[in-house]
Amino acid sequence: MADVVPDTGYKPEVFHSEKPVDVSGKARRLHEYSEEEGYVVDADKEAGLTGVKVAKDAHTRLIPQPSDDPNDPLNWSWGRKHVILLIIAYTSFLPDFGSATGAVTLIPQAAQWNMTQDEVNHSQVGNVFMLGAAALFIVAFSAYFGRLPVVFWFMLMATWTAAWCAGAKTFKEFMAARILNGFFSTVTQSGGLMFVQDMFFFHERARKINIWASFVIVSPYMGPLLGAFETATKPWPTPFWVYFAMTAIGLILTTLFLRETYYDRTIPQSEQPSLGNRFTSSIGIPQWRSRHLRNTARQAAMRVVSVILKPIVLLVCIFYMLTFAWAVGINTTLAMFLGPAYGFGLKQTGYFYFTPIVAVILGEFTGRWLHDFLAKQYIRRHNGHFEPEVRLRAIAIALPFMVLGLVLVGQSLDRHWHYMVAAVSWGLYVFSAMVTTVAVSSYALDSYPEASGEVSAWLNFFRTLGGFIVSYFQVTWATAQGTQLSFGIQGAICGAAFLIIWSLMIWGKRLRVWAGPLNFATV
């Protein structure tokens, strides 16, 4: 084994010991993960390791162990990895940004089409649902066709449907365009964890997920913020033309800089399939020719089913739905509440959306050290070993902010407290949602690293499913019972949902061991 892996930016060293490491099983060889043992992260603390590549600190084990092939994404330069990460993050920003833009355009649209705002909001509900439903198709296609061509073709269709949204003349046409755009635009949002898993080592992933998640979480607030200012002086299609331009930029970046990140390290370097040139790789010709080396169509489809049947994946997805659904509900309906409560117009509503953006930024900075701190603390106390359930501890810290934020938002709107109280309360909820998103994503990925796309898809599906359901009754509920009671119940649901996380912190490992590995054809 070579002492230096080409072009990683880590210049890894090789840790030697007297005893050979047990690397039985394909998944164990690639991910160094076992249901019974978790991860062995600190090579200094494990006497059974030999010939193990470590990071530049000379003791943090590189998980998974990179091959000696410079084409292995783990061996790519720091610059290439982060260019791709930022493209994935940017294109993940687009679907919720475009979806939430409709939260402010529904007011002039309702006036133009002689409809109620709630009726126009149905186009947004359909868009939100497709953001989740498409995820299950995207990861199955990626397992069969490869990562890059799926992103390219979906982004091409997302660009076309974004232009259609802006150019729609009737509500029916607009609604059809919005639903199709939701299906195609979510491609990297649904499968973002695949790229993080493909390019980065275990000890790096929480921070990279933090970057990706911050784009996802902030996007539904940027849409209404910019849309409110644009529709205040321009016709309602203007924000959607801006969204079209942003999607087109994402397509261009994908075509010019995105690379195929799937790499099977069980195949010898000399037998690795060619990826062709940038154009053919983008449209999927070499990936189609090498499809026999990946999953069959049936295997690709069944991967999604196999993952959700794992108890911890289903439980953490249910928790995420019960806590994040209110973010979508608030965001898609808040413009209807702010007017009656505070007399806000479009510009004032736009300014109000600065609050969650600041909250996401604070959540990103907090998560940058919180998740790593909790992981390193556990590793030090447990002789270099790490269990995925440690990721859930961040939720215990963040959840009180979520419950408090929801309760105070409802109180503020109902009792007409100063709008800054409502703004700060909303910020508390969004801050907690940011930290929670990284925690559940990291936990699911650490538990089933071979299913990075599938766990990403299911988390996205449940997140948007919750928002889809809530969007249908949020306004009616708050109008009938008042925001104080409705938001208070939402806070209580979030608090009760923590019982799921508490149970996983105690029994999660037993459930993982009982459920066993996934045994996919490719990992």
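Numbers below:
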| quantity | calculated |
| --- | --- |
| Residues being part of a helix (DSSP H, G or I), of a type in the set (A, V, I, L, M) and surrounded by fewer than 18 Cβ atoms within 10 Å (Cβ to Cβ) - total across region 53-80 | 0 |
| Meets criteria (hydrophobic (A, V, I, L, M, F, W, C) and either more than 25 Å from Met434 (Cβ to Cβ) or crowded, with 20+ Cβ neighbours inside 10 Å (or both)) for Ile217 | yes |
| Residue check, Thr349 of a type in the set (Ser, Thr, Tyr) and under 20 Å from Gln117 (Cα atoms) | yes |
| Residue match in region 92-102 (condition: under 18 Å from the mean Cα position of the chain (by Cα) and surrounded by fewer than 24 Cβ atoms within 10 Å (Cβ to Cβ)) | no |
| Filter pass, Ile469 being surrounded by fewer than 23 Cβ atoms within 10 Å (Cβ to Cβ) and not hydroxyl-bearing (Ser, Thr, Tyr) | yes |
| Qualifying position, being out of contact with any Gly (no Cβ under 7 Å at 6 or more places or on another chain), over 30 Å from Asn519 (Cα atoms) and of a type in the set (A, V, I, L, M, F, W, C), among Phe319, Phe373, Phe324 | Phe373 |
| Conditions (1) modelled with pLDDT of 80 or more; (2) in the same structural domain as Ile252 (by TED's automatic domain parsing); number of the one not met by Arg61 | (2) |
| Residue in region 226-241 that is under 23 Å from Leu193 (Cα atoms) and modelled with pLDDT of 85 or more present | no |
| Unique match (being modelled with pLDDT of 90 or more, closer than 16 Å to Ile330 by Cα and surrounded by fewer than 24 Cβ atoms within 10 Å (Cβ to Cβ)) among Val424, Val430, Val475 | Val424 |
| Residue in region 178-188 that is farther than 19 Å from Arg80 by Cβ, surrounded by fewer than 22 Cβ atoms within 10 Å (Cβ to Cβ) and assigned by TED's automatic domain parsing to the domain that holds Val304 present | yes |
| Flag for Ala140 being closer than 20 Å to Glu230 by Cα, of a type outside the set (Lys, Arg) and in contact (Cβ under 8 Å) with a residue 60 or more places away in the chain | no |
| Candidate set from region 343-385 (those that are of a type in the set (S, T, N, Q) and not in a loop (DSSP other than H, G, I, E, B)); member that is surrounded by the most Cβ atoms within 10 Å (Cβ to Cβ) | Thr349 |
| Test: residue in region 81-88 that is touching a residue at least 40 places away in the same chain (Cβ under 8 Å), over 14 Å from Gly250 (Cα atoms) and surrounded by fewer than 24 Cβ atoms within 10 Å (Cβ to Cβ) | no |
| Which numbered condition Thr266 misses (of (1) over 20 Å from His82 (Cβ atoms); (2) assigned to a helix (DSSP H, G or I)) | (2) |
| Looking only at region 302-358, and only at residues there that are farther than 22 Å from Ile395 by Cα and either β-branched (Val, Ile, Thr) or not assigned by TED's automatic domain parsing to the domain that holds Ile217 (or both), the one that is modelled with the lowest pLDDT | Thr332 |
| Of all residues making up region 92-138, the number that are among the aromatic types (Phe, Trp, Tyr), farther than 20 Å from Phe462 by Cβ and out of contact with any Ser or Thr (no Cβ under 6 Å at 6 or more places or on another chain) | 1 |
| Residue list for region 453-483, restricted to those being β-branched (Val, Ile, Thr), over 20 Å from Phe137 (Cα atoms) and out of contact with any Gly (no Cβ under 7 Å at 6 or more places or on another chain) | Ile469, Val475, Thr476, Thr479 |
| Any hit, region 141-155, residues being in a helix (DSSP H, G or I) and either more than 25 Å from Ile87 (Cα to Cα) or touching a strand residue (DSSP E or B) at 6+ places or on another chain (Cβ under 9 Å) (or both) | no |
| Every residue from region 274-307 that is of a type in the set (Gly, Ala, Ser) and under 21 Å from Thr254 (Cα atoms) | Ser274, Gly276, Ser281, Ser282, Gly284 |
| Single match in Glu260, Glu271 (criterion: acidic (Asp, Glu), surrounded by fewer than 17 Cβ atoms within 10 Å (Cβ to Cβ) and in the same structural domain as Gly495 (by TED's automatic domain parsing)) | Glu271 |
| Candidates Ala163, Ala89, Ala133, filtered to the one that is over 20 Å from the mean Cα position of the chain (by Cα), part of a helix (DSSP H, G or I) and either over 23 Å from Pro224 (Cβ atoms) or small (Gly, Ala, Ser) (or both) | Ala163 |
| Single condition Phe171 does not satisfy, out of (1) under 16 Å from Thr91 (Cα atoms); (2) more than 15 Å from the chain's Cα centre (by Cα) | (1) |
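The values are calculated or read from the model by the stated rules, or taken from the named source; none is laboratory data. Source: prediction; values computed, not measured. Please note: Cβ atoms are built from the backbone with ideal geometry, for glycine as well, and neighbour counts cover all protein chains shown.
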